[in-house]
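Got a structure for you, questions after.
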Amino acid sequence: MTHDHDLVLRPTAAQTEAALNPPAGRNGGDLVVETLTGLGATTVFGLPGQHALGMFDALRRSDLTYVGLRVENNAGFAADAYGRITGEAAPLLLSTGPGALMSLAALQEAAAASAPVLAIGSQVPAAGLGGGRHGYLHELRDQQASFRDIVKSVHVVRTASQIPSAIAAAWESALTAPHGPVWVEIPQDVLLAETVLPVVTAMDAGPEELAPRPELTAVAADLLSRAERPVIVAGGGVVRSDASGKLRALAEKLDAPVVTTFGGKGAFPWEHPLSLQSWLEDRHTTDYLESADVLLVVGSGLGELSSNYHTFAPRGRMIQIEADAGKLESNHPGIGIHADARLGLQALLETVTERRDPTAADSVRDVLAAVRARIDAQELTLEQELLAAVRQALPDEAPSFWDMTILAYWAWSAFDARRPNTMHSAQGAGGLGYAFPAAIGAASADRTGPVLAVSGDGGAMYSIAELATARQYDLPVTWLIVDDGGYGILREYMTDAFGEATGTELAPPDFTALAESFGVPAVRTSPATLAQDLAKALAAPGPSVVVLPARLRMFAPTHL
């Protein structure tokens, strides 16, 4: 009897000849780029540094497309977005010490959002490792310790022969559900040392699928089939696993209303009769979710934002399908099903009994009407008109990336993404500066259509240097900067809490002149002309900037 694990792929004659006579002049850096190519990578992001030059020189001898950003954290955001858009592991090449550490905030966002980022960083020469004070440039006592609390896995290389296996293991880890960032570390001398190892060929590092346990889905299907008021919460896991079609089929089979989290935008049609949309920061929605006798949560941990700041307290039975085992029942007890969202939904779709509830669509309309009445009573016409203008100007299939800014906070609740995997923000970790470099990463994945970035003036200053990147690679990225002269949401928070704000006011530059100094066309717009100016910018080739001077307000919270 032959078992699968007994099968060995035998090299062809050509492969044997190539292995016995590898090209001269290769080093550890070549092993890195050969491994990435063998795994299927096509694009890498990064920023060179002294200890990492072996990797960057090897790029010259490879077919990989390199996109270099101006700040390591921004390179991390670009890789994060590339991973979200493509579902592939996005290589991020970094140097030692300051260069590596500069990426930590971006990797934290990738971890929170389950974006597959393969960060490969250099190290001081092997003689300087071990925690002593040898005085090497960029030396840290334990560089990998800085990453261990953030990334999914750490892979340390000490010899050239370890490089292909370490990168392949990291690749598999990054793409195993839940996706996430990983860290590979290679000393400078290993990257520079000449190698006689054969050229790395195609490698198989595909992750195994995470299927649900059948006894759990059987119980869940029975509860949903017999429920009187089932409701579904769809999170980012539905988007990442490309399961929006299965979500819709299950909701329609059960007549179950669906609310999408901010990370799950686009997972369910916005105008569907069963769509509660994304008004999670609203007590009317919270009350409705609490009234469900069976609540199915798919691809979400019901964290702070998804639970209306932990004020949500379910009264019925909860079923949670989640690929991240650490999120199972982490906030609410229930039936925790450790599985990829797509496979979990498929199992339920095959086993639930069809139920009809003619009142479900009416109840959804009632909730949305109550939400609308609450918002309308606050006289926030400008904010809603601006969001509508962005929606009007943005093509349905175009991805958008939103920074931590008031217009984005509105968009989390009120923006119709229209397509799965088209609206992304930094609401996982909540750091500033995400939108524009992330849009650069998305445009690097697909240059055939426009990409939108939305920032406030404070967040824009974190990534202004990447205007040079967008211009250098002629990427179709339009950057909408809402300029209110400060950190607008912090101004609002502090004024509400303390009566006045401190440290929130900024002296902004002339963003249009600044963009044009990079060779990027820019226009100063107004609320009345935003839709027209934004549509024109999005339709034009290459990068562009649209600056909107406006002071916005948030709708009143309901969790206090």
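The values are calculated or read from the model by the stated rules, or taken from the named source; none is laboratory data. In this text, all values refer to a predicted model and were calculated from it rather than measured experimentally. Heads up, the Cβs are rebuilt from the backbone with ideal geometry, glycines too, and the neighbour counts pull from every protein chain shown. Calculation scope for accessible area: heavy atoms of the full protein, side chains included, ligands and nucleic acids excluded. Shrake-Rupley method; radii C 1.70, N 1.55, O 1.52, S 1.80 Å.
Probe of 1.4 angstrom, ligands and nucleic acids ignored: what's the accessible area per residue over the chain, in square angstrom? Don't jump to the answer; show the numbers that get you there.
Values: 22680 Å² over 560 residues.
Ligands and nucleic acids excluded, the figure is 40 Å² per residue.
Can you list the lysines whose alpha carbon sits under 26 Å from that of Lys536, skipping same-chain ones fewer than 8 residues off?
Lys265
How large is the charge dipole for region 457-560, taken about the Cα centre, if only the Cβ atoms of Lys, Arg (+1) and Asp, Glu (-1) carry charge, to the nearest 20 debye? Intermediate results must be reported in sequence, preceding the final value.
On the way: 6 positive and 12 negative charges, 51 e Å.
Charge dipole, region 457-560, about its Cα centre: 240 debye, nearest 20.
List the equivalent ellipsoid semi-axes of region 345-396 in whole Å, largest first, each obtained as the square root of 5λ for an eigenvalue λ of the Cα gyration tensor. Mind dumping the intermediate values first?
Working: eigenvalues 233, 76, 13 Å².
Each semi-axis is the square root of five times an eigenvalue, giving 34, 20, 8 Å.
A follow-up question, please. Identify which of the listed values of mean projected area of the Cα convex hull in nm² was calculated from the structure shown: (1) 24.3; (2) 26.5; (3) 29.0.
(3)
Right, another one. Can you find, among Ala105, Leu386, Val196, the residue sitting farthest towards the positive end of the charge dipole of the chain, where Lys and Arg contribute +1 and Asp and Glu -1 at Cβ?
Val196
Put +1 on the Cβ of every Lys and Arg and -1 on every Asp and Glu Cβ in the chain; which of Leu490, Gly38, Phe77 then has its Cα farthest towards the positive end of the dipole?
Selected residue: Gly38.
Shifting gears a bit: May I ask you to give the average projected area over all directions of the convex hull of the Cα atoms of region 284-395, in nm² rounded to one decimal? Mind dumping the intermediate values first?
Numbers: hull surface 38.3 nm².
That works out to 9.6 nm², a quarter of the Cα hull's surface.
Sticking with this structure for a sec: Rounded, prolate or oblate: which fits region 249-341 when a ≥ b ≥ c are the square roots of the eigenvalues of the alpha-carbon gyration tensor, with rounded for a/c under 1.5 and prolate only if a/b beats b/c?
On the way: a/c = 1.39, a/b = 1.17, b/c = 1.19.
Judged from the Cα gyration tensor, region 249-341 comes out rounded (a/c under 1.5).
While we're on this one: With both partners inside the chain, how many of the DSSP beta bridges are antiparallel, as a percent to the nearest 5?
Numbers: 2 of 62 bridges.
Antiparallel bridges: around 5 percent, rounded to the nearest 5.
Shifting gears a bit: Would region 401-510 count as rounded, prolate or oblate if I go by the C-alpha gyration tensor, calling it rounded below 1.5 in a/c and otherwise prolate when a/b exceeds b/c, oblate otherwise?
Numbers: a/c = 2.78, a/b = 1.54, b/c = 1.81.
Verdict is oblate for region 401-510.
Pulled fully out, how much extra length does the chain show between Asp287 and Leu382, if you take 0.36 nm times their separation in residues and subtract their Cα-Cα distance? Working shown, then result.
Values: separation 95, 0.36 × 95 = 34.20 nm, distance 2.80 nm.
This chain segment gains 31.4 nm when fully extended.
Region 17-66 to region 400-470: how many Å between their Cα centroids?
Answer, in whole Å: 30.
For region 284-419, give the magnitude of the charge dipole about the Cα centre (Cβ charges: +1 Lys/Arg, -1 Asp/Glu; no others), in debye to the nearest 20.
200 debye
Also, quick follow-up: Net charge within 14 Å of Gly503 by Cβ-Cβ distance, Lys/Arg positive one each and Asp/Glu negative one each, not counting Gly503 itself?
Values: positive: Arg491; negative: Glu492, Glu500, Glu505.
After counting each charged neighbour, the total is -2.
Is it possible to state the helix-based mean residue ellipticity at 222 nm for the chain, with each DSSP H run of 4+ residues giving -39500 (n - 2.57), the sum divided by total residues, to the nearest 500 deg cm²/dmol? What is it? List each step's numbers first, then the result.
On the way: 23 runs with 218 residues, N = 560.
Computed ellipticity for the chain at 222 nm equals -11000 deg cm²/dmol.
Further question on the same structure: Counting only protein heavy atoms and using a 1.4 Å probe, what share of the accessible area of the chain belongs to carbon plus sulfur, as a whole percent?
Of all accessible area on the chain, carbon and sulfur atoms account for 53 percent.
Next up: Cross-link partners among aspartates and glutamates for Lys327, C-alpha distance below 14 Å, same-chain residues fewer than 8 apart left out?
Straight-line reach from Lys327, under 14 Å: Glu304, Asp340.
Using a 1.4 angstrom probe on the protein heavy atoms only, line up Met494, Met423 by accessible area, largest first. Could the numbers behind the result be given before it?
On the way: Met494 50, Met423 15 Å².
Of Met494, Met423, the descending order of accessible area is Met494, Met423.
Ok, one more. With +1 on the Cβ of every Lys and Arg and -1 on the Cβ of every Asp and Glu, and nothing else charged, how large is the dipole of the chain about its Cα centre, in debye rounded to the nearest 20? Intermediate values should be presented prior to the final figure.
Values: 39 positive and 64 negative charges, 40 e Å.
The dipole magnitude comes to about 200 debye.
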